[in-house]
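A quick write-up on the structure given underneath.
The values are calculated or read from the model by the stated rules, or taken from the named source; none is laboratory data. The shown structure was predicted, so the numbers you read here are calculated from the model rather than taken from an experiment. Cβ placement follows ideal geometry from the backbone for every residue including glycine, while neighbour counts extend to all protein chains displayed.
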Amino acid sequence: MQKSRFLPRGRKDRTMVLVDIRETKSVKAADIFLQVRPGKDFELLTILRAMIKDQPISDAEVAETGVSIEALQDLVARMKAAKFGAMFFGMGLSMTRGKHMNSAALLTLAAEMNAFTKFVAMPMRGHGNVTGADVIMRWQTGYPFGISFNRGYPRYNPGEFSTVDVLVRGDTDCVFVIGADPGATMPQPAIDHLARVPTIVLDPHVTHTSRLAKVHITTAPAGISAPGTAYRMDEIPLPLRPALKSSYPTDEEVTRRIKEAIQAKPDWMVEGPQRLETQV
Amino acid sequence: MLRITGGSVYDPANSINGEVRDLYIADGKFVDKESCDSGRVIDATGMIIFPGGVDVHTHVAGGSINFARAMTPEDHRRTQAFIRTKTRRSGLGGMAPTTFATGYLYAGMGYTTVNEAAVPVLSARHTHEELSDIPIVDKSSLVLMANNEIFLDLLEEGETERAKQVIAWYLWAAKAYGIKAVNPGGVAAWKYGDNASQLTEPVSGYKNVTPGNIVAQLAQIIDELGIPHPIHLHCNNLGAPGNVSTTLETMKHLEGRRAHFAHLQYHAYGGDDWGTMRSASVELAEYFNAHPNMTTDAGAVLFGDTVTITADGPWQHLLYKLTGRKWGNLDVENETGCGIVPYTYKPSNLVNAVQWATGLELLLLIDDPWRVFMSTDHPNGACFWRYPEILQLLMSADFRKECMACLPANIKNRITLPEIDREYTLYELATIISAGPARALGLKQKGNLGVGADADVVIYNRNVNIAEMFGHPRYVIKSGEIVIEEGDIRETPDGREYIIKPSFDPGTDDFLQPLFEDRYCMSFENYPVEMERIENPHLQDCKPQQ
């Protein structure tokens, strides 16, 4: 781990606390492991929020989380004594009981910790360039995901317009998959719908999704034989420089050619100019 | 080719004040009559002609505004939607407009050049990608330098010549147009929860580096490198009651050097705390008027909802604590930081009312329109598409009086706005929204209707309602192309991006590489933005002064 001016001994100057519902491989890398009872993340985070502000908590509430009060007191003391704290969280928090409420509790804890010392929190993103997709959707549409364009402008409603919801409801009559393998991770009704409608997959490999797709276009793998940009988890863009040449086209080229072919067709949107109305 | 005949022309760059003149355009530039013998003729009889607007300080692209977009979905859904057409991309307006909408909205109110005022080198690639998605307008960007660890370390060791080479290297690595300094030393200290509020006190972690010498050295380096735009400075102690003393002291540190003070309104307060806060625009404007080395933009505030975004991390944490609203914080490794907090300016709130008056007072008390420019520090004081409301306030003392009636009664003695009866003329307005900022940016081809300049023109119908007149021009012409006509978006051409290449010692790479590998978490060769990534780059001259 990087040595720096303020942490000259690198890893030795850092403390890593892992919180999970079971002993994972990461436990070895951690200094402290706290095993939380499944589904009790929100409770644990709320207790920590109370403890940093010296608010009263009951033994019964602490017992419910599966973590001892001594361990929590030690954790709070360490957090307050840290010069710079960082919390990383993933789908174990955001996709289990409580969902976005869990994330909100963790983000609030990080914000409130700044009354004592510097603290930040950052979501751990999934595979591929998912952060890049997020970033670009945001500057082009204002929203990171769960966007519908069916009125000609972007609308956002996770739970309604998110990919999994649209597929489960069977709202699409065609699916275009790029840089993802929903056939491997999504619930069965969504997968059934992928198989039912024309699904087009762009992927360098055969995937669960490409097996049930009507069309699979093999593309050059990004970063290996296709150039581009990947956004790191902290939204810093890195250039991808291909080491090899590929006879397959890039995702970008295939998408551009499909777009050109679609543009050649008659437009379904109402023609005519739009006035610049007063903003509210 | 295009001819515009019979309009009253306001072209401060050429001292033309409302005279009826014909304009001739060919190949995107103004030409003389003989070189334009065909093409469309716009009869502008009775109309008012301005050079295209130039925004010297705005935040429209990059990591911070994009974070603000993510944080404010509730605003997106109530705002104006841009519906896609064959030639136009969809988008959303509002507090933090999407990139395509940003271009349409700027052009829609007659602005043709915008300067993105805060770019970390580390994420400059991202900023340029967003800028290339902003249609119609020409763009430039300023790179954040006053809290860069490598630069501060060089200052600590007194290596000013080396620091100059490094600054020039960074500028070119970011493909930027100039240098921005935000809360010098304060953002670096914020990494450890501190701030820097005294100009002469060492920044935490350093012995010799003070905010005062950071700004003085940067200004010196910028002049020596011949960067067209002077140091673009966001002073220490933004937003704090009594901060006028810091601002005046900073101005004294920069005596004899060129300097641009960003969003001066946020740095012009007297009093000791929130309860006694008052406008200090009179003393600030007095000093400013006597020192022609400086320019500024107003950073005016309008009442309503917005989202504040700034590299000033510690200030944003304070604002979060004050308001209890959402807070986003981004630390950009060892270069800079950024904080985001949605905010509502209310006329009933005494502090907000003082801020509103202070912005207008500065615009009215600074007597040279060539040195004070229109800005709201978009989106901090208000969104850029609300500029026409401010123009109306500047042009009508009666309208100001009407608005002041809504302010709290105890604002008396805290502001001087009620005593100011100056009203801007059209000529002065053309100076503060176009000719002045273009000159300050060193863009001679902008804000200028003379032969050889870029053919960026706005044509307004005369209207007693000033806000409406400036909010809805009859025609907007960008590089000789009619982009807005009668309120409709006609064309959406791509704009240019202005960048500079200051000369630096070729050994700077070898000097920086080991330092870089020690401090950054990206590899050295991935750091500079490649020239191919800039859409329509336009290299401006950068010549050291003799």
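Structure notes:
- Residue in segment B:137-144 that is among the acidic types (Asp, Glu), under 30 Å from residue B:90 (Cβ atoms) and either at pLDDT below 95 or in contact with a strand residue (DSSP E or B) (Cβ under 7 Å, 6 or more places away or on another chain) (or both) present: yes
Conditions (1) out of contact with any Asp or Glu (no Cβ under 6 Å at 6 or more places or on another chain); (2) at positive phi; (3) in contact (Cβ under 8 Å) with a residue 60 or more places away in the chain; (4) not aliphatic (A, V, I, L, M), marked per residue:
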position: B:162; (1), (2), (3), (4): yes, no, yes, yes
position: B:165; (1), (2), (3), (4): no, no, yes, yes
position: B:186; (1), (2), (3), (4): yes, no, yes, yes
position: B:190; (1), (2), (3), (4): yes, no, yes, yes
position: B:208; (1), (2), (3), (4): no, no, no, yes
position: B:217; (1), (2), (3), (4): yes, no, yes, yes
position: B:222; (1), (2), (3), (4): yes, no, no, no
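- Every residue from segment A:230-250 that is within 12 Å of residue A:129 (Cα to Cα) and more than 10 Å from every other protein chain (Cβ to nearest Cβ): A:230, A:233
- Test result for residue B:42, more than 30 Å from residue B:338 (Cα to Cα) and within 14 Å of another protein chain (Cβ to nearest Cβ): no
- Of all residues in segment B:87-99, those satisfying the criterion of being within 9 Å of another protein chain (Cβ to nearest Cβ), surrounded by fewer than 24 Cβ atoms within 10 Å (Cβ to Cβ) and either touching a residue at least 60 places away in the same chain (Cβ under 8 Å) or of a type in the set (Lys, Arg) (or both) are B:88, B:89.
- Residues within segment A:111-155 that are more than 9 Å from chain B (Cβ to nearest Cβ) and assigned to a helix (DSSP H, G or I), tallied: 7
- Subset tally (residues that are loosely packed, with under 15 Cβ neighbours inside 10 Å, part of a helix (DSSP H, G or I) and charged (D, E, K, R)) for segment A:156-184: 1
- Residue list for segment B:317-347, filter: outside any strand (DSSP E or B), polar (S, T, N, Q) and modelled with pLDDT of 90 or more: B:323
- Taking each residue of segment B:521-543 that is more than 9 Å from every other protein chain (Cβ to nearest Cβ) and looking for partners that are at pLDDT 90 or above and surrounded by fewer than 13 Cβ atoms within 10 Å (Cβ to Cβ) with beta-carbon atoms closer than 7 Å, six or more apart or interchain, yields B:537/B:531.
- Any hit, segment A:71-79, residues being loosely packed, with under 15 Cβ neighbours inside 10 Å, out of contact with any Phe, Trp or Tyr (no Cβ under 8 Å at 6 or more places or on another chain), in contact (Cβ under 8 Å) with a residue 60 or more places away in the chain and over 25 Å from residue A:125 (Cβ atoms): yes
Yes or no, residue by residue, for (1) touching a Pro at 6+ places or on another chain (Cβ under 8 Å); (2) surrounded by 16 or more Cβ atoms within 10 Å (Cβ to Cβ); (3) modelled with pLDDT of 95 or more; (4) not aromatic (Phe, Trp, Tyr):
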site: A:191; (1), (2), (3), (4): yes, yes, yes, yes
site: A:196; (1), (2), (3), (4): no, no, yes, yes
site: A:231; (1), (2), (3), (4): yes, yes, no, no
site: A:246; (1), (2), (3), (4): yes, no, no, yes
site: A:263; (1), (2), (3), (4): no, no, no, yes
site: A:267; (1), (2), (3), (4): no, no, no, yes
site: A:270; (1), (2), (3), (4): no, no, no, yes
